[in-house]
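The values are calculated or read from the model by the stated rules, or taken from the named source; none is laboratory data. The model shown is predicted, which means the values in this text are computed figures rather than measured ones. Cβ sites come from the backbone with ideal geometry, for glycine too, and all protein chains shown count toward neighbours. When the accessible area is computed, the model is the full protein with side chains, heavy atoms only, and any ligands, DNA or RNA have been set aside. Shrake-Rupley method; radii C 1.70, N 1.55, O 1.52, S 1.80 Å.
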Amino acid sequence: MTKAVLLAGTNSGVGKTTVSMGIMAALKRREMEVQPFKVGPDYIDPTYHTAICGKPSRNLDTFMMQVDGVKRTYSKHSENADINIVEGVMGLFDGMDSTEVASSAHVAKTLGIPVILIVNVHGMSRSAAAIVKGFSEFDKDVKIAGVILNKVGSPRHAKMIIDSIPDIPIVGTLPRNQDVTVPSRHLGLYMAHEQEFDTEKLATFIEENIDLDTIISIAQTAPDADKNIAEEDSEADVRIGIAYDSAFCFYYQDMFDAFRNAGAEPVFFSPIKEELPEVDGLYFGGGYPELYISELERSRTTRSLKELSADGIPIYGECGGLQYLSTSYDIEGTVYKMADVLPAQTVLTKKLQALGYTEGQASGDFIKGTIRGHEFHYSVTYCDNDAKLVYEMKRGKGIIDGKDGLTEHNSLASYTHAHPASFPVKSFVEKCREYKKR
């Protein structure tokens, strides 16, 4: 039996992440096996889920993965858990443009999971009932099975709201508490590994104010996940180096799994620590290279990549990886030398340059077809006049003039963060095999 709930909000900023983390921590305290999921393309929230639950959190995104991809990922990873907790994104019904695609509601409908709606009731009482009624009736195919009231002012305040909502169970009333919030910065919350966060305190706060038994009962109303034939890893015959440290930390666990399925062994290393393993290909994900720019400029890894790229080793980079693989990175007027793999210069900006889903038609050497992903960056990249860009963007900004995917030799980098549901992992791995056999 697959037990699951989706924790959604009326809008961003209502406390979804804090409440989701707290419920996961409280259930773990009961010695339950909790499988976490996150709706949308976010990299940061899943790091907290993973740290709390001891299981990699999986993204569920009906745009990047399509409906069938969401079903496959959910069915593959939900079966071996006592309960599955899915954290939503933005407001429950907020999707791409004016559609339901990529919304929490779309995922809930796709998987049949009951929803618990989180409402910030600061500054209102009976009006909260109108909000809940509107959400519960907006789309009858979305089952709102419970409500959590956040930032409640007092027991009297909570009672006024509860008495106004007779039809849907109120499973929790959370008083305002600044001690259990997670700080954020320009690209969202801090990553889980970057700070100490007292999950025990958070679990206690949740246990005192939320009815976990009712949440578990609601989770039991979820349908069983579709039976899934798990992909088996192929015997690894190539090694792909994955830059993984505080500068490069935006990755999907599903990408690592896809490499293994294709016969590649992921080998994790830190450019900050000047590590560069013996591998047949390299992958530089997104992250915060600007925060570690001096260490990266001095790193032997940085100085080695230009020659490796010219020799033909396949290199793939995304966002922070694009910035790092460029010739230079200008931060507040100071120009730092980067890997000089790609003919471009990056400049950090104070203004957000792009945010949203992307879709491009790729025509590169090892990357062809439709690539779906997302972009989120505070930088611009200026390419040399003869630079080659191989993504024609149908959606999103890309690097310049509706193009993304800057390439040189067998190296490719983009502002698009791709998901393995559309990124041609097997083609990239095959390119690594060709390089190894030379």
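Scan the range 1-47 for residues that are open to solvent by 10 Å² or more (accessible area, probe 1.4 Å), of a type outside the set (Ser, Thr, Tyr) and either without any contact (Cβ under 8 Å) to a residue 12 or more places away in the chain or assigned to a loop (DSSP other than H, G, I, E, B) (or both) and report the count.
Final tally of qualifying residues: 11.
Go over the candidates Lys133, Lys140, Lys159, Lys151 one by one and state the one that is within 25 Å of Asp45 (Cα to Cα) and out of contact with any Phe, Trp or Tyr (no Cβ under 7 Å at 6 or more places or on another chain).
None of the other options fit; the residue is Lys151.
Find the residue count for the range 120-145, including only residues that are on the phi > 0 side of the Ramachandran plot and touching an Asp or Glu at 6+ places or on another chain (Cβ under 9 Å).
Within the range 120-145, residues that are on the phi > 0 side of the Ramachandran plot and touching an Asp or Glu at 6+ places or on another chain (Cβ under 9 Å) number 0.
Kindly provide the set of residues from the range 215-244 that are in contact (Cβ under 8 Å) with a residue 40 or more places away in the chain and either among the basic types (Lys, Arg) or under 22 Å from Gly285 (Cα atoms) (or both), ordered by number.
The answer is Lys227, Val238, Arg239, Ile240, Gly241, Ile242, Ala243, Tyr244.
If you scan the range 27-36, which residues turn out to be within 15 Å of Ala51 (Cβ to Cβ) and not polar (S, T, N, Q)?
Once the filter is applied, which keeps residues that are within 15 Å of Ala51 (Cβ to Cβ) and not polar (S, T, N, Q), the range 27-36 yields Leu27, Lys28, Arg29, Val34, Pro36.
When the range 365-374 is examined, which residues are found to be open to solvent by less than 40 Å² (accessible area, probe 1.4 Å) and part of a strand (DSSP E or B)?
Gly369, Ile371, Gly373, His374, listed by residue number.
Quick check on the range 89-113: of everything there that is surrounded by fewer than 24 Cβ atoms within 10 Å (Cβ to Cβ) and hydroxyl-bearing (Ser, Thr, Tyr), which residue is modelled with the lowest pLDDT?
Among residues in the range 89-113 that are surrounded by fewer than 24 Cβ atoms within 10 Å (Cβ to Cβ) and hydroxyl-bearing (Ser, Thr, Tyr), the one modelled with the lowest pLDDT is Ser98.
When you check Arg260 against the structure, is it more than 27 Å from Ala81 (Cα to Cα) and open to solvent by 70 Å² or more (accessible area, probe 1.4 Å), yes or no?
Here the answer is no, as Arg260 does not meet what is asked.
Take the range 194-245 and flag every residue that is open to solvent by 30 Å² or more (accessible area, probe 1.4 Å), modelled with pLDDT of 90 or more and among the small types (Gly, Ala, Ser).
Within the range 194-245, Ser217, Ala236 meet the criteria.
Looking only at residues that are open to solvent by 20 Å² or more (accessible area, probe 1.4 Å) and of a type in the set (Gly, Ala, Ser) in the range 130-160, which one is farthest from Thr10 (Cα to Cα)?
Filtering first and then ranking leaves Ser154.
I'd like to check something: does the range 117-128 contain any residue that is in contact (Cβ under 8 Å) with a residue 60 or more places away in the chain and open to solvent by 60 Å² or more (accessible area, probe 1.4 Å)?
Scanning the range 117-128 turns up no residue that is in contact (Cβ under 8 Å) with a residue 60 or more places away in the chain and open to solvent by 60 Å² or more (accessible area, probe 1.4 Å).
Across the range 56-70, what is the number of residues that are outside any helix (DSSP H, G or I) and surrounded by fewer than 18 Cβ atoms within 10 Å (Cβ to Cβ)?
Looking only at that region, the number is 1.
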